[in-house]
């Protein structure tokens with residue numbers, strides 16, 4: 001399979017690249033992925049079903065059933081969205097320092113499973129208990145993310161990185177779509193039996209942990225099993241952040257994340273400007289996940305052929321269109337369908353592709369902490385973006401807020417398109 005040297009997105013070689021991609025797509029070699037990728041995908045699918053079952057019923061469970069004030073829901077949602085960022089870096093450090101990526105990821109999955117047991121046995125619901133359970137679950141997710149992504153990247157050839165992350169993110173999105181649906185069916189058949197939802201969520205979490213233990217190899221690439229390490233674990237972080245090939249990726253991801261409007265704001269815009277009930281909002285999450293699920297694998301495969309960096313940059317074009325649809329196109333329900341489809345396309349061309357791009361520039365010894373640094377940068381950027389957008393909306397209205405972020409994203413997108421990146425290449 002031929003390799004392609006990337007320099008800029010403006011050199012007029014798109015027709016050639018797509019013709020090469022079309023020829024390559026006829027051969028099964030590029031689509032065939034190792035069992036480790038599928039095993040980690042199954043693990044994430046089951047775990048996300050478990051997690052999203054809980055998240056989707058929290059509003060009804062906390063406010064309507066348990067009698068807690070809406071403040072409890074606000075705190076739970078804030079903890080869930082923000083998450084313990086430091087734990088992501090810690091998970092990467094532990095995984096790279098010990099060389100036990102599967103064990104580190106397994107601890108994160110096990111911690112989340114224990115939290116499901118906590119929901120099932122919780123008595124005398126309180127804000128403190130709810131916050132502790134949600135926070136512990138997010139710590140588990142943060143710890144497992146970097147070592148899991150490192151194992152994915154070490155399981156495939158360099159020309160399959162975005163494809164592998166694409167199929168993993170697709171299965172992850174499948175869990176995000178199935179979880180709320182399963183919770184809805186359970187409560188439909190067993191009204192107010194939240195314990196049934198919690199028990200099913202616990203079973204799915206345990207199945208996910210079993211999938212990790214039985215289907216995933218600790219060292220998919222035996223060459224990476226050497227555990228020789230720097231004297232200090234923090235030297236791993238220094239090595240990752242000092243890597244000149246990684247720094248531009250961290251900067252690129254951070255800058256884009258700062259001007260990204262959170263999904264929930266777009267969903268609120270949709271219902272407000274279409275004058276429809278807010279009960280549609282949960283379905284927007286499912287629609288976005290379905291769109292992501294359908295596109296993640298083929299877009300990842302395409303990114304491995306035409307370039308991961310340029311695909312990541314191009315991902316922000318559908319995001320711009322989603323802003324416009326949410327703000328100015330009020331033909332319900334077509335505006336909602338188009339918006340969630342565009343958001344799914346954005347995530348398909350950004351999340352897994354960014355992980356594949358970062359992994360391609362990292363040595364095996366610092367793969368987990370390097371991926372953790374990228375994920376942390378994106379999380380910090382999006383957290384700041386959410387706060388800034390909420391402030392702008394409150395002070396100046398939704399129109400000014402959306403136009404400000406749209407203008408900033410457009411400027412950054414133009415600069416990124418014109419910037420050369422001679423280091424990136426797609427391996428044969």
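Label positions at residue 408 and residue 388, each projected 7 Å from the Cα along the C-beta direction, are separated by 0.2 nm. Among 53, 418, sorting on how many other beta-carbon atoms sit within 10 Å of each Cβ, with the fewest leading, yields 418, 53. In terms of other Cβ atoms within 10 Å, 97, 308, 116 run from fewest to most in the order 97, 116, 308.
Go through 283-294, 392-403 and give me the packing order, highest mean Cβ count within 10 Å leading.
283-294, 392-403
Out of all Cα-Cα pairs in segment 346-390, roughly what percent, to the nearest whole number, are more than 13 Å apart? The answer is 60 percent, as a whole percent.
The label point for residue 210 and the one for residue 417, both projected 7 Å from the Cα toward the Cβ, are 5.1 nm apart. For the pair residue 158 and residue 264, label points projected 7 Å from Cα toward Cβ lie 4.2 nm apart.
Taking the number of Cβ atoms within 10 Å of each Cβ as an exposure proxy, the fewest-first ranking of 414, 115, 339 is 414, 115, 339.
Size descriptors for segment 301-418: radius of gyration and Dmax over Cα atoms are 16.2, 52 Å.
Going by average Cβ neighbours within 10 Å, how do the peptides 175-183, 325-333 rank, with the highest at the top?
So the order, starting with the most tightly packed, is 175-183, 325-333.
Since every read-out is calculated from the coordinates, none of them should be taken as a lab result. Since we're looking at a predicted model, the values are computed, not measured. Please note: Cβ atoms are built from the backbone with ideal geometry, for glycine as well, and neighbour counts cover all protein chains shown.
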